Amino acid sequence: MVKKISRMLLLLTAIAVSSFFLSDIFANEWKKPTETEKVDHLNGAIHQKQEFQLHDGTTYWAHKMTGQRDMTPYVFTIPIQGNSQNMTFRYRAYDESKKPNWKIVTLDQVQTLPLASGFVETEGRYIWLGKPIVYVDKGRATIEEKPGLASPVEVKQTSSGVELVFQLPMKAGFISEMWALDSRDPLVPWGEKMLDSIWLNLDVTEKAKWLYDGYYYQSPSTYEPTSESSFWRIPENYVLRSFLYTGGSKAARDMGYVMLKASLKQQEPEGYWKTQPRSTWLSTDYGIPEGFYDTRFNTGAADLMLRGCDQYQEKDFCQSAKKYASYFHNFVAMNHFVIAGVQQGWLVPDYGTAMNPMIQTHVSLNHQLAEINFLYKNYLQFGDQKDKDLADSMLYGVVNLGAQWILGNGDLHYAYFPDGTFGRKDYPYLTYNDLVETQRLYRQLHGMDEMTLTMLIDSKLKWMQLNNIQYR
């Protein structure tokens, strides 16, 4: 994980533990969609189109146009029947203080939609539109957005309603994309205050991008390549986490499946997800090149597969979670620190690379806890005793160090280093949430609380309260 965790990650961590869950009705109704992909080599561009057809008639589609020479834009349309006065477009806008809010326009009043992702809604037709995007592929699963080249969606009045007109620029060296989820049924039950707020903060267009091949996040300055408008394909999809753990809408259910399928395609044959960019600080500190293994991002991605396995009853998602667990077991066997105690414990380094399988980096407490939590949940899902045994050993690695994790001010150290020292500033509340989840799983499996975890939770919570840290 990058040194500075984003506000969005913290927000979605909080959302993930909220009280909304997909209803039993949604789970019982789910049937595997039909997925198709078509590639056309045009005179001057490569056109890729992906579709998911759901059993209730809902369609997810995505277009990707890779320009090879300058041409007129690729144009396609969506007709919508009805009275345009009753058709709305709901999108996220910002006030003067840059606080997000919902804004709604009617389609009889506009000739183009705002250049934003949003929801076209009328009786019998509900479409979640992505934001048109044009970018350059910078390599290492990194793109650089070119905002000035994207064309807004046109709204043309017709005798039977309106026609949405999409134009994807075709320019040499540039890629254009557009996606949508199109349904006969409402996608989000607007009016439920908490869901309205959650959706207002789900970002697939600004600091993060949902693209044809996956979820991209704004590139940190310590990654290469990078720029102010660069985004890299991150293994863990924070919006997907909200969809799977928060749910509460048809859009979350349907897009959750689509996003899981994209993540599945990015999983390496060995079972992990690469961080493709080069991290300058990992390269400097540990000699780790691009294409490395980040345990937190990977464990997050695998946890989503495990959740999808249960939620969609999809064999491929189940196998993906198992495959990652197997990879992680092998990684830990070669890379761990032994922590002495009544029961010997193991700490697992945060990063790895196929170029140097035996390399040992620091161990972040939040990484270690997330890995323990995944192994416990994997054990509860599939019953493999090896997962529980490894999780127990890793938990001993944490508890054997006990109060050494605690700073004088009550906060926790971020990491344990190969030389046996502790250091770096911990996140405001991410580690607290991880500790609480570890305690919950431990209690479920052992019938009681783990006392050292209780000590760490209490210390971190007291520090958070003294410093007015908002948490959930």
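What follows draws every value from the coordinates through simple rules; no lab data is involved. Keep in mind the model is a prediction, meaning the values are calculated, not measured. Please note: Cβ atoms are built from the backbone with ideal geometry, for glycine as well, and neighbour counts cover all protein chains shown.
For this structure, a couple of remarks:
- The Rg/Rh ratio for the stretch 64-130 is 1.06, where Rg is the radius of gyration of the alpha carbons and Rh is the Kirkwood radius.
- All-pairs Cα distance distribution in the stretch 328-441, expressed in whole percent, bin size 5 Å: 2, 12, 22, 24, 21, 12, 5, 1, 0
- Rg/Rh (Cα only; Kirkwood hydrodynamic radius) as it applies to the chain: 0.98
- Distance between modelled label sites at His41 and Lys425, nm, 7 Å Cα→Cβ extension: 5.4
- Here the alpha carbons of the stretch 227-370 define both size measures, Rg and Dmax, at 16.3, 51 Å.
- Theoretical ellipticity at 222 nm over the chain - DSSP helices of four or more residues, -39500 (n - 2.57) apiece, nearest 500: -11000 deg cm²/dmol
- The C-alpha radius of gyration of the stretch 267-472, expressed as a fraction of 2.2 N^0.38 Å, stands at 1.00.
- D (Stokes-Einstein, µm²/s), Kirkwood Cα radius, the stretch 253-293, 0.890 mPa s at 25 °C: 207
- Scaling the Cα radius of gyration of the stretch 93-200 by the globular reference 2.2 N^0.38 Å produces a ratio of 1.23.
- The stretch 172-193 and the stretch 62-95 have Cα centres spaced 10 Å apart.
- Alpha carbon centroid spacing (whole Å) that separates the stretch 304-331 from the stretch 396-437: 28
- Among 163-176, 436-449, the peptide with the highest mean count of other Cβ atoms within 10 Å heads the list, and the full ranking is 163-176, 436-449.
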